[in-house]
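Read the structure below first, then the notes.
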Amino acid sequence: MKGLVLIALVASAIAAHAQETPPPAAPPPEAPPAAAPSGPPPITVVSGNAGKNYLNISLDALIAVGASTEPDVPSLETGGHDPAQRGFTLQNLELVFDGAVDPYFKGQANIVLQITPEGETTIELEEAFALTTSIPHNLQVKVGQYLTEFGRINPTHPHTWDFVDQPLVSGLMFGGDGMRSVGARLSWLMPVPFYSEFLVGVENANGVTMTSFGSVPGEPQFGRPILPDVVKTLGDMVYVPRWTGSFDIGDTQTMVVGASGAFGPNGTGPDANTEVGGVDLLWKWKSARADKGFPFVKIQAEWMLRNYDAAATPTLPAEVFQDHGAYAQVVWGFKPMWTAGLRLDDTGGDVGDDPLDPQFQPRQRASLEATWYPTEYSKLRAQYSYDRRTGGFEDASSVWLQFEFLLGAHAAHKF
């Protein structure tokens, strides 16, 4: 909470300063920076039904270079798309296919390639899902493999982040690649005067991207081995409800609030379960006389809590482990195509039965970043981070430089 208060005070001062700066006489149309880049014209394949069936193709690459005082960088960075070593890291090479299936469905698939520190190329199907487009009563169904819609960071791809790496709490709760699985979700846009959306999803509980739940057999979690997952009833699935509300505060400010939950079995025993809850906040101010979407100030924060019911083993009793984490960040778009940001991270709670596992150690991080967008198709970002760690792990300082380039039109992301 202290970090969030500090962020709020800094943002207020920045917003006040920005309002005192004289705006240009005739601002051009708004063009927000790379959070949802429009990109050059897409590579489009059109076939059938008078053009109502089509496919867009795009490619987005993220490359980082830098160093850390911690030689074991993966023990410091919690994300699978974070810098993985001193020197260069190909964080993410994302190939996106999106388009319309017919008047009733649209679809998207994200294929991600990476190069490991050992020089090997990995490829994974990150997302592949279909969305309905014409169900009445403001309802929509998504089905397939997708990033779970929990909070603000987990459903997004690395190129949309405001910092080089993911928040610590994301890695603690959902692992390096975020929480995603095969499933389905129903959303309802409520008929109220403001934006209000309720979603509920059901997903498979097992897999390397479901670390808080079924995870991977044989892998340890809180000192217990994960058992093979067998779906016998609907209770063996993971259920994810979420509510989001958006409110305009005058003509220049918007606030988005959300609450999420994830409930399902974990792999330590037949009656073991996990509960994850979270709340999130986004506040954005943008000048009424903005030039290309600048200046702006954006505050974003998330807080999560996990109860992990670990089953008994021949050598360990049944226990409930509780851990938590949060981050708060402010990003200031101080001139067209330039931003600066501060993020504060904090995680803590029970460390389990392996006190030498850095994943569960209470820790804090402070990160400063500056980003330049030469165009909406590329960006260059510099970041400094300081990690304060416990449990015998030394504090660490890291400096990273990140470059992104985009080919084709990328699928749009939620605000």
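Quick note: the coordinates plus some simple rules give every number you see, no bench work behind them. Predicted, not measured: the structure shown is a model, and the values here were computed from it. So basically every Cβ, Gly included, is an ideal-geometry build from the backbone, and we count neighbours across all protein chains shown.
For the cross-link pairs Lys106/Lys292; Lys292/Lys379; Lys335/Lys379; Lys142/Lys232; Lys106/Lys379; Lys142/Lys286, which exceed 21 Å when the distance is taken from alpha carbon to alpha carbon? Walk me through the numbers on the way to the answer.
On the way: Lys106/Lys292 30 Å; Lys292/Lys379 16 Å; Lys335/Lys379 15 Å; Lys142/Lys232 24 Å; Lys106/Lys379 29 Å; Lys142/Lys286 32 Å.
Beyond 21 Å between Cα atoms: Lys106/Lys292; Lys142/Lys232; Lys106/Lys379; Lys142/Lys286.
What dipole magnitude, in Debye to the nearest 20, does segment 369-413 give about its Cα centre under +1 on Lys/Arg Cβ and -1 on Asp/Glu Cβ?
Using Cβ point charges on Lys, Arg, Asp and Glu, segment 369-413 gives about 40 debye.
With a 10 Å radius around each residue's Cβ, average the other Cβ atoms per peptide and rank 342-350, 250-258, highest first. Numbers along the way, then the final one.
Details: 342-350: 21.1, 250-258: 14.3.
Averaged packing, sorted descending, gives the order 342-350, 250-258.
In nm, to one decimal, how far is the modelled label at Leu113 from the one at Phe403, with both set 7 Å along Cα→Cβ?
Computed distance between label sites Leu113 and Phe403 equals 1.7 nm.
Quick check on packing: order 161-167, 190-196, 102-108, 53-59 by the mean number of other C-beta atoms within 10 Å, highest mean leading. Write down the numbers at each step before the final one.
Values: 161-167: 25.1, 190-196: 10.4, 102-108: 14.3, 53-59: 17.4.
Answer by packing, highest mean first, reads 161-167, 53-59, 102-108, 190-196.
Let me make sure I get this right: for segment 297-348, a, b and c are the square roots of the gyration tensor eigenvalues over alpha carbons, sorted descending. Under 1.5 in a/c it's rounded, otherwise prolate if a/b > b/c, else oblate. Which is it? Intermediate results must be reported in sequence, preceding the final value.
On the way: a/c = 5.99, a/b = 5.01, b/c = 1.20.
Taking the square roots of the gyration eigenvalues as a ≥ b ≥ c, segment 297-348 is prolate.
Between beta-carbons, use under 9 Å as the cut-off and find the net charge around Val73, counting Lys and Arg +1, Asp and Glu -1.
-3
Taking θ = phi - 60°, what integer Hz values does the Karplus form 6.51 cos²θ - 1.76 cosθ + 1.60 yield along segment 226-234, in sequence order, with x for Gly and Pro?
After applying 6.51 cos²θ - 1.76 cosθ + 1.60, I find 7, 8, x, 8, 10, 7, 10, 9, 5 Hz.
For the pair Gln140/Ile57, report the inter-label distance in nm, with labels modelled 7 Å from Cα in the Cβ direction.
A separation of 2.6 nm, rounded to one decimal place.
Roughly how many whole Å is it from the C-alpha centroid of segment 363-390 to that of segment 169-243?
29
Mind checking the dipole of segment 183-260: about its Cα centre, +1 per Lys or Arg Cβ, -1 per Asp or Glu Cβ, Debye to the nearest 20?
260
What are the ³J(HN,Hα) couplings of segment 86-103, residue after residue, when phi is run through the Karplus curve with 6.51, -1.76, 1.60 and θ = phi - 60°? Round to Hz, x for glycine and proline.
Each residue of segment 86-103 in turn: 5, x, 9, 9, 7, 5, 6, 10, 10, 9, 10, 10, 8, x, 9, 7, 6, x Hz.
At what distance in nm do the modelled label points of Thr252 and Ala366 sit from each other, each positioned 7 Å from its Cα along Cα→Cβ?
It is 2.9 nm.
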